[in-house]
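**Q** Can you read through this structure? Questions will come right after.
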Amino acid sequence: MFRKSRTQHFFILNILIWFGFLLSLRLFQLGDSPQQLQSWSYLGIALLAAQGIAFALRKNILAGIGYYISAVLLLVIFMATGAIGYVLGKASGPSALPLVTKGDLVIGRTFALSFQAGVMVRAEIDGKSMIKRIHGVPGDRITICDGLVYVNDIAYQQVNNWVGFRFENAAQCQREYRKLQLAADEYFVLGDNTNQSRDSRQYGPVPKTVLYENFLYAIRDDMTVRYLTAVFVAPAEDKGAGQ
């Protein structure tokens, strides 16, 4: 009876250690970089191996098998419920080109979300899941000129390495000219590949309630990593401005 009790205690102890290890990914945001995520994965494999050896040394083979089954089930539950805090998905469609291409493995964070301009998010619009980038946040002034979006009179594009350029005047708009102000809970989202993207230019501003994940980086088949958060750079002031 005493031996059985010690086995049970050892089993529970190892489950708690594994539970804490899984929780560490979220608590310390270890999935925010591919290097940290890889190190965490290797450490998890080493931990499981060490625990298996410990069960074998104690001659608790059946308990060890039961532990591995429980550990895998716990991992599946963490991932299925989102408790682990990160999601992996396959990219499809051209709207996020060139940073995200079809078939890329995309890693997103589902907690401690940022809704700042430049962040790439998963948006659920009309029942479809889309990868879009936040350009306008509550209170921003949006100007749409021939499909080009200016936020507070500045447009940012990936082809320009996110260095902004200013809106001149409505006379430059030949086909389309619209203006709007974002309300307290409205965001303006765009695909990086604006020529092949349906986004807030068609759907209008979206509420925060349809923005679910921050996409952090994409991994291609050749293991090349592309970080997805953009830093918008305001255009330099004209020489002599403010003097």
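The values are calculated or read from the model by the stated rules, or taken from the named source; none is laboratory data. Here the structure is a predicted model, which is why all the values come from computation and not from measurement. Virtual Cβ from ideal backbone geometry, glycine too; neighbours counted across all protein chains shown.
**Q** Of the conditions (1) free of Cβ contacts under 8 Å to residues at least 24 places away in the same chain; (2) surrounded by 12 or more Cβ atoms within 10 Å (Cβ to Cβ), F111 clears all except one; give me its number.
**A** Among (1) free of Cβ contacts under 8 Å to residues at least 24 places away in the same chain; (2) surrounded by 12 or more Cβ atoms within 10 Å (Cβ to Cβ), the lone unmet condition for F111 is (1).
**Q** If F115 satisfies all but one of (1) at positive phi; (2) within 22 Å of the chain's Cα centre (by Cα), what's the number of the condition it fails?
**A** (1)
**Q** Then there is this: Checking the conditions here, which among D192, D222 is assigned to a loop (DSSP other than H, G, I, E, B) and free of Cβ contacts under 8 Å to residues at least 60 places away in the same chain?
**A** D222
**Q** Would you call L22 free of Cβ contacts under 8 Å to residues at least 40 places away in the same chain and not β-branched (V, I, T)?
**A** Criteria not met by L22.
**Q** Among the numbered criteria (1) surrounded by fewer than 17 Cβ atoms within 10 Å (Cβ to Cβ); (2) assigned to a strand (DSSP E or B), which single criterion is violated by Q174?
**A** All conditions are met except number (2).
**Q** Could you list all residues from region 81-108 that are within 19 Å of F19 (Cα to Cα) and in contact (Cβ under 8 Å) with a residue 12 or more places away in the chain?
**A** G82, A83, I84, G85, Y86, V87, listed by residue number.
**Q** Only residues that are under 26 Å from Q158 (Cα atoms) and surrounded by fewer than 17 Cβ atoms within 10 Å (Cβ to Cβ): list them for region 69-104, please.
**A** Within region 69-104, L88, G89, K90, S92, P94, P98, T101, K102, G103 meet the criteria.
**Q** A further question follows. Which one of A91, A46, A71, A54 is outside the structural domain of R6 (by TED's automatic domain parsing) and small (G, A, S)?
**A** After applying the criteria, what remains is A91.
**Q** Name the one entry in I61, I45 that is among the aliphatic types (A, V, I, L, M), under 24 Å from V225 (Cβ atoms) and loosely packed, with under 12 Cβ neighbours inside 10 Å.
**A** Criteria check complete, one pass: I45.
**Q** Conditions: (1) crowded, with 20+ Cβ neighbours inside 10 Å; (2) charged (D, E, K, R); (3) modelled with pLDDT of 95 or more. K179 meets all but one. Number of the miss?
**A** So the condition that K179 fails would be (1).
**Q** Turning to a different aspect of this structure: Quick check on region 125-148. Is at least one of its residues among the acidic types (D, E), surrounded by fewer than 16 Cβ atoms within 10 Å (Cβ to Cβ), part of a strand (DSSP E or B) and in contact with a helix residue (DSSP H, G or I) (Cβ under 8 Å, 6 or more places away or on another chain)?
**A** No, region 125-148 has no match at all.
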